[in-house]
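Enquirer: Here it is, the structure, as structure tokens.
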Amino acid sequence: MEKSGIQSPLSLAAAEAVRTYAATTRSALGTAESPVISYAGLWLLLASLAPVAEAETDEVLGLNRADARAAALALLGAPHPTIGAAVAGWLRPGVELKKGLPVLLDPLPEQAGLDAWAEEHTRGLITEFPLEIDVQTLLVLASALVVTPRWSEPLDDDGDGLLLLEGGFQAVVETEAAGPVAVACPSSEDGISVYSVIAAADVSAEDVWRAADEVVRRIDAGEVRNRTFEPDDAVGQQHGHAWTVEEVTIFGGTPSDRWRSHLPEWSAEDRHDLSAAPGVGEIARGVMAAIEEETEAACVQKAVASYDREGFEAAAVTGMMVRAAAAPRETKVRQIDLRFDRPHAVVAVARGGAWEGIPLFSSWVTPA
């Protein structure tokens with residue numbers, strides 16, 4: 001939970017840009033109830049390609065083209081104990097580009113090569129690239145993002161089929177977006193905070209996400225305390241939508257509030273067509289403009305995540321593919337097949353000099 005180091009102005013701006021982009025994209029795509037998605041993985045890919053956009057990207061990515069690219073490079077080059085991130089590109093051999101792209105392009109491999117890249121850069125969590133290439137595929141761009149934090153102490157079993165958290169960060173927080181919400185975050189020394197946020201049952205998923213953003217902002221600003229009810233009567237009630245408060249007797253220790261969170265163990269995977277996500281069209285058009293022929297683009301993400309007593313792990317691979325808009329040109333030719341599948345003769349004839357034309361060896365071949 002502890003934050004360390006001092007963030008640069010660009011790093012702070014990037015964090016705010018990704019938070020805003022996540023909220024905007026969630027609303028635009030209606031993915032509030034998606035089992036798992038990485039808006040950061042998509043943002044990282046788009047920001048890496050931002051210089052090709054024909055217009056500034058402030059309104060979409062939260063940073064102008066130059067700053068978005070610089071922020072992406074800074075993130076990709078920043079060591080982190082738990083996060084793995086990569087951006088890559090592949091171009092079909094023989095395809096000429098009218099202008100360069102801000103990503104190093106390797107020769108386009110077979111599908112197995114892209115699958116291997118996904119597996120390598122997600123620590124084995126994703127073994128298949130989210131897009132399937134074919135003969136019309138000209139260019140593929142991708143980002144990979146993976147996190148695998150472990151809890152400082154494994155969570156217990158509460159006896160009712162849920163995980164039991166008795167440490168870490170736990171609070172009930174009054175929010176503008178969703179009213180009072182309960183928050184739980186196990187302790188981790190891996191530089192990742194995994195917050196679980198629950199609101200009343202009648203609150204929409206969109207508003208729960210707004211509340212979660214609000215809670216994280218306030219925690220980062222030091223406005224929310226660990227293990228406490230806020231001094232608001234609506235929050236400090238004895239029973240709420242996701243909590244109860246009662247007096248219990250314990251032996252030993254000092255009198256204090258005893259907080260316990262009951263959390264599910266879960267895993268999820270999902271695949272998203274992100275072609276209509278904010279910024280994808282603008283960046284894709286800039287990428288397609290680098291290719292001579294008429295093209296079309298698609299953007300897809302595969303994501304996985306799991307939460308258990310030991311920790312949390314999640315990975316996403318986001319791929320953008322540019323294909324020839326038309327099928328390869330058809331050409332009619334005569335096809336002549338010769339089949340030597342019956343007994344036949346084979347003769348070896350000398351060429352040149354005195355031996356010219358002499359049949360050296362003759363064989364009658366009877367195929368098995």
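The values are calculated or read from the model by the stated rules, or taken from the named source; none is laboratory data. This one's a predicted model, so the numbers in the text were calculated from it and none came from an experiment. Ideal geometry is used to build each Cβ from the backbone, glycine not excepted, and the neighbour counts take in all protein chains shown. All accessible areas refer to the heavy atoms of the entire protein, side chains included, with ligands and DNA or RNA removed. Shrake-Rupley method; radii C 1.70, N 1.55, O 1.52, S 1.80 Å.
Enquirer: When you scan the stretch 41-64, do you find a residue that is without any contact (Cβ under 8 Å) to a residue 40 or more places away in the chain, in contact with an Asp or Glu (Cβ under 6 Å, 6 or more places away or on another chain), open to solvent by less than 70 Å² (accessible area, probe 1.4 Å) and closer than 24 Å to GLY281 by Cβ, even just one?
Expert: yes
Enquirer: Taking GLY279 as the residue in question, decide whether it is on the phi > 0 side of the Ramachandran plot, at pLDDT 90 or above and touching a helix residue (DSSP H, G or I) at 6+ places or on another chain (Cβ under 6 Å).
Expert: yes
Enquirer: Let me ask something else. Out of ALA78, ALA40, which single residue is under 22 Å from GLY191 (Cα atoms) and touching a helix residue (DSSP H, G or I) at 6+ places or on another chain (Cβ under 7 Å)?
Expert: ALA40 is the lone residue from the list that is under 22 Å from GLY191 (Cα atoms) and touching a helix residue (DSSP H, G or I) at 6+ places or on another chain (Cβ under 7 Å).
Enquirer: Moving on. So is ARG92 closer than 12 Å to ALA47 by Cβ and among the basic types (Lys, Arg) or not?
Expert: When the stated conditions are applied, ARG92 does not pass them.
Enquirer: Tell me which of these ALA116 doesn't satisfy, since it passes every other one: (1) at pLDDT below 95; (2) more than 15 Å from ARG92 (Cα to Cα); (3) over 15 Å from the mean Cα position of the chain (by Cα); (4) not hydroxyl-bearing (Ser, Thr, Tyr).
Expert: Every listed condition holds for ALA116 apart from (1).
Enquirer: Can you find even one residue in the stretch 173-189 that is closer than 27 Å to ASP157 by Cβ, assigned to a helix (DSSP H, G or I) and either under 27 Å from the mean Cα position of the chain (by Cα) or of a type outside the set (Phe, Trp, Tyr) (or both)?
Expert: no
Enquirer: Additional query: Can SER152 be described as open to solvent by less than 50 Å² (accessible area, probe 1.4 Å) and not acidic (Asp, Glu)?
Expert: No, not satisfied.
Enquirer: Which numbered condition trips up ASP157, out of (1) in contact with a Leu (Cβ under 8 Å, 6 or more places away or on another chain); (2) among the acidic types (Asp, Glu); (3) within 18 Å of GLU269 (Cα to Cα)?
Expert: Failing condition for ASP157: (3).
Enquirer: In the stretch 258-275, is there at least one residue being more than 22 Å from the chain's Cα centre (by Cα), modelled with pLDDT under 95, under 30 Å from VAL52 (Cα atoms) and surrounded by fewer than 16 Cβ atoms within 10 Å (Cβ to Cβ)?
Expert: Let us first name the residues in the stretch 258-275 that are more than 22 Å from the chain's Cα centre (by Cα), namely 258-264.
Checking which are modelled with pLDDT under 95 leaves us with 258-264.
Next, only the ones that are under 30 Å from VAL52 (Cα atoms) stay: none.
No, every residue in the stretch 258-275 fails to be more than 22 Å from the chain's Cα centre (by Cα), modelled with pLDDT under 95, under 30 Å from VAL52 (Cα atoms) and surrounded by fewer than 16 Cβ atoms within 10 Å (Cβ to Cβ).
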